[in-house]
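Reading through the structure tokens given below for one structure.
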Amino acid sequence: MTARARLITTLVALVLVAPVAGIRLQDTERLERFHTRRLAAWPEPAAFVDPPAAFRAARAWLTDRAWPTIAATNAYKRFLYFVLGSPPAHKLTIGLDGQVFLNSWNETEPDVLLESLCVRAHGADAGRGLSRSLGELATFSREIATPVDVIVVPTTATLYAERLPPSVSRRLREGCAAVAAGRSALRDVQVPAGVRYLYLYDALRPFLADPAFYPRNNWHASGKSLAVLRDTWLAAAGLPAVVDERIEAVDQPAEMLLMSGVADPQPAYAVRNAHVRFDAARDAAFRAAVGDLFTNPAFPSHVYLNDRPPVDASLLIVSDSFGQLAAEVFAGAFAEVTQVNTNDLPLGNAAELVARARALHRVDRIVLLFQEGGVDRAINYGRVLRRAQ
């Protein structure tokens, strides 16, 4: 065998063995976050009595861990986005002017999220359900002698409806456009005395010409948009507060692209408040008190303290993921803010969650905060909380 042949053979062997040899170089937790699931397990010895099934299981184990799965996949996604101008994931849609939309929670059900955001959440059933729920929440609020408010946050699908591309079905584009034009059952909800309800579309709409306001290509509202949401709610609640904070222009990776392994910095605003700090000890105590209510022990929560609060009160925010970034901004107005993401909370445990939070420390106000597609959570919580009393 010639030296050249030996070299080629050696290189081919290295290429073939590298995906297996490199497994030890990877972190299991990072791989699970990348795959968004548990990794396939190696087949038990007894499984080899059925060799085809055992080899399929072994192949699944190797496929999940083959090196460099993450780097190679992300390189391919960057090529799709930056070179071809294509979405780096099926759950993303690239619209007009490069606006990126999240169309689904997963890669197998295209546009299921747009259906929720632009059609289901704004239909007559949602409006009737929310009207009923607000009545139940008003009763709950009176019984616990604590104000309960509901805040519904609009998303980019409706705020930037005019940028949805023709690749999105006409029905969904028209649904999003109808919401943008003011045709939504969320605007016609009957709000009884004793509870406050805000659908904050109109509060955000005037600022959308600034791409950093509701950061372009982000799923969650953040920065300045959250400060506007907070101040709009404070004014509606009769809690005028001058928050001592500064808002700085920054560049941040576009959130929806980053979720797919693509870093594309975009303009944003950061809210800085020297008086607000995360309290790890209080957060740990809260998690210990409520952790058994959740199906996922890694549920997100935050406790913030403010050493110079404009409003000397404690706020509990029960939310979806939109509350996670909102909590620190809302803490600029309150002495203490406890926020918990209830995506992994069984509905039947909602009342116990609130009860334990109130037993742990003072809760002067409660806010239920959800993005518009999650309005069913606000609808169901009224029934659950009311019946628990």
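The values are calculated or read from the model by the stated rules, or taken from the named source; none is laboratory data. Everything numeric in this text was worked out from a predicted model, so none of it was measured. A quick note on method: Cβ atoms are made from the backbone with ideal geometry, for glycine too, and the neighbour counts reach across all protein chains shown. Side chains are part of the model used for accessible areas, which takes the heavy atoms of the whole protein and leaves out ligands, DNA and RNA. Shrake-Rupley method; radii C 1.70, N 1.55, O 1.52, S 1.80 Å.
Summary of computed values
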item	result
Counted residues, segment 244-269 - those being under 30 Å from residue 76 (Cα atoms), part of a strand (DSSP E or B) and among the hydrophobic types (A, V, I, L, M, F, W, C)	2
Breaking point among (1) hydrophobic (A, V, I, L, M, F, W, C); (2) open to solvent by 10 Å² or more (accessible area, probe 1.4 Å); (3) in a loop (DSSP other than H, G, I, E, B); (4) under 30 Å from residue 104 (Cα atoms), for residue 379	(3)
Options 227, 268, 263: the member that is more than 30 Å from residue 123 (Cβ to Cβ), open to solvent by 30 Å² or more (accessible area, probe 1.4 Å) and touching a strand residue (DSSP E or B) at 6+ places or on another chain (Cβ under 9 Å)	263
Residue pairs meeting the criteria (Cβ under 7 Å; at least 6 apart or on separate chains; first within 12 Å of residue 261 (Cβ to Cβ), in segment 80-93; second open to solvent by 40 Å² or more (accessible area, probe 1.4 Å) and acidic (Asp, Glu))	89/107
Index of the failed condition, residue 53 passing every other in (1) in a helix (DSSP H, G or I); (2) open to solvent by 10 Å² or more (accessible area, probe 1.4 Å); (3) modelled with pLDDT of 80 or more	(3)
Single residue of segment 151-173 satisfying the filter (free of Cβ contacts under 8 Å to residues at least 24 places away in the same chain and closer than 14 Å to residue 93 by Cα) that is surrounded by the most Cβ atoms within 10 Å (Cβ to Cβ)	173
Every residue from segment 203-224 that is in a helix (DSSP H, G or I) and either closer than 19 Å to residue 315 by Cβ or open to solvent by 10 Å² or more (accessible area, probe 1.4 Å) (or both)	203, 205, 206, 207, 224
Segment 294-328 - residue that is in contact (Cβ under 8 Å) with a residue 60 or more places away in the chain and open to solvent by less than 10 Å² (accessible area, probe 1.4 Å) and, of those, nearest to residue 242 (Cα to Cα)	326
